[in-house]
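Novice: Just dropping this structure here.
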Amino acid sequence: MAEVQFCETFLYCQASFVSKSGFKRLNCKNQKLELKEIIKYCRSGSQLAFNSLFDKYYQLLYHVSKRILINHHDVEDVIIQSFTKIFKNINKVEYINDQSFVKWMKTIAINESIRFINSKKQLEFIEDVKAIEIDEDSLLNELELDIDIVYKIINQLPDGYRIVFTLFAIEGFNHKDISQMLNITESTSKSQLRKARIRIVNQLKDFENGHK
Amino acid sequence: MDTNKIDEVFKNIIDNNNNEYYQSKALDSKERIWNKLKMANPNSDRRALLIKILAAASIILLFISSILFYNLKHEYKRNQSLANYYTTELKNLNTNLIIQKDTVYIQKYLHDTIVKIEKREKIKVEYLTQNIHIVDTVYKTDTVFKIIDKSVDFNITKNINEGKSFEIQSFENTKRPVVKNKKFALRFGGNNNDLEDTRLAFKHE
């Protein structure tokens with residue numbers, strides 16, 4: 001308990017604290033508390049540790065949800081649900097390294113986002129895109145893409161395309177994971193990705209034509 | 001993994017600019033979301049404290065209940081043994097009563113004897129009337145008792161029962177018959193005739 005209080009002091013005023021294993025002095029003037037330590041104090045029930053975890057990963061999870069849901073208010077609801085679930089299950093998850101823990105949090109946010117979409121309307125995975133042979137490399141080289149264009153193109157994709165493309169290309173999940181998350185087959189995931197890419201290329205082509 | 005040029009380009013752009021793109025909207029709702037989370041957070045300090053208090057109270061309650069239960073159990077056992085004892089005694093008594101219908105002796109033992117003389121009245125020279133009240137006695141009934149008093153000396157047989165009063169007349173043995181001593185008297189004189197005759201007499205009685 002004393003350890004937690006010390007840690008809370010640290011979290012507040014960026015001072016040194018005493019760990020349980022002994023007098024472990026952290027020179028943390030410009031150093032953030034490590035994720036492992038934050039998780040440890042979250043498990044002790046420290047409100048400040050929860051705050052620290054939220055503060056550290058709020059934007060990341062916000063963006064993950066935002067790419068799936070688009071609507072800001074929906075994202076707010078999903079973020080609340082996601083962090084509630086994270087705080088509730090933080091004692092159950094095994095910490096291996098920072099990446100695995102962050103992936104676990106992202107998965108929760110994605111699952112909550114998908115559940116949110118499904119609660120409002122059934123996700124549809126359309127198959128209406130005709131394949132057009134375009135030289136992607138030359139197209140991408142010619143265009144000067146920025147974040148606004150990228151998000152504009154992604155947000156214009158149908159839900160199924162957008163989610164599969166986001167999960168695969170941006171979040172780095174494989175088709176097996178995506179199929180489990182969306183409750184679809186791997187082949188559907190692959191075809192949705194392929195068609196999403198085609199749609200993106202078409203839009204890039206339109207953008208290029210409009211730009212010219 | 002199926003890699004693609006579009007994926008790489010999009011990922012790079014998003015990774016490099018992600019924090020800035022939705023930052024304003026994200027920051028707007030950050031505090032509001034945190035406040036809602038604090039309310040809903042099951043692991044908050046307040047809840048943890050409440051749970052700890054409840055746990056401590058439960059342990060104390062369990063401890064007190066154990067003590068009470070042990071005492072009640074002990075009491076129950078004692079009552080049970082007493083009940084068994086009295087049941088046995090009652091059975092024995094009933095048996096005796098059935099076997100010896102006309103020969104039930106009830107012996108009553110009274111404690112200590114205090115004889116209190118309430119009133120003393122001299123009715124004659126030789127006797128005293130005394131009211132005696134039995135306060136308590138260790139002797140059985142129909143016992144001869146003796147009141148030790150300097151002024152009285154008697155034996156009497158009475159049914160001595162606690163709380164009983166009775167009257168006795170005792171002989172005062174200090175009184176002895178009065179022996180009259182002979183008087184020695186000298187008389188002088190004679191009758192008138194003698195006086196007239198001047199004959200005086202000296203008589204001895």
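Novice: Residues in the range B:20-34 that are open to solvent by less than 30 Å² (accessible area, probe 1.4 Å) and either acidic (Asp, Glu) or touching a Lys or Arg at 6+ places or on another chain (Cβ under 9 Å) (or both): how many? I'd like the intermediate steps shown before the answer.
Specialist: First, pick out the residues of the range B:20-34 that are open to solvent by less than 30 Å² (accessible area, probe 1.4 Å): B:22, B:26, B:29, B:33-34.
Those left that are additionally either acidic (Asp, Glu) or touching a Lys or Arg at 6+ places or on another chain (Cβ under 9 Å) (or both): B:22, B:26.
Summing the residues that are open to solvent by less than 30 Å² (accessible area, probe 1.4 Å) and either acidic (Asp, Glu) or touching a Lys or Arg at 6+ places or on another chain (Cβ under 9 Å) (or both) in the range B:20-34 gives 2.
Novice: Still on this structure: Among the residues of the range A:154-212, write down those that are modelled with pLDDT of 85 or more and of a type in the set (Gly, Ala, Ser).
Specialist: A:Gly160, A:Ala169, A:Gly172, A:Ser179, A:Ser187, A:Ser189, A:Ser191, A:Ala196
Novice: Given the structure, is A:Tyr95 of a type in the set (Ser, Thr, Tyr) and within 9 Å of another protein chain (Cβ to nearest Cβ)?
Specialist: Working: of a type in the set (Ser, Thr, Tyr): yes; within 9 Å of another protein chain (Cβ to nearest Cβ): no.
Here the answer is no, as A:Tyr95 does not meet what is asked.
Novice: Keeping to the range A:38-88, report how many residues are open to solvent by 10 Å² or more (accessible area, probe 1.4 Å), part of a helix (DSSP H, G or I) and more than 10 Å from every other protein chain (Cβ to nearest Cβ).
Specialist: The number of residues fulfilling the criteria is 7.
Novice: Kindly indicate which of A:Asp148, A:Asp159 is out of contact with any strand residue (DSSP E or B) (no Cβ under 7 Å at 6 or more places or on another chain), within 22 Å of A:His72 (Cα to Cα), without any contact (Cβ under 8 Å) to a residue 12 or more places away in the chain and surrounded by fewer than 21 Cβ atoms within 10 Å (Cβ to Cβ).
Specialist: Values: A:Asp159 fails: without any contact (Cβ under 8 Å) to a residue 12 or more places away in the chain.
A:Asp148 is the lone residue from the list that is out of contact with any strand residue (DSSP E or B) (no Cβ under 7 Å at 6 or more places or on another chain), within 22 Å of A:His72 (Cα to Cα), without any contact (Cβ under 8 Å) to a residue 12 or more places away in the chain and surrounded by fewer than 21 Cβ atoms within 10 Å (Cβ to Cβ).
The values are calculated or read from the model by the stated rules, or taken from the named source; none is laboratory data. Please read all numbers here as calculations on a predicted model, not as lab measurements. In this analysis, Cβ positions are derived from the backbone assuming ideal geometry, glycine residues included, and neighbour counts consider all displayed protein chains. Ligands, DNA and RNA are excluded from the accessible area calculation, which covers all protein heavy atoms including side chains. Shrake-Rupley method; radii C 1.70, N 1.55, O 1.52, S 1.80 Å.
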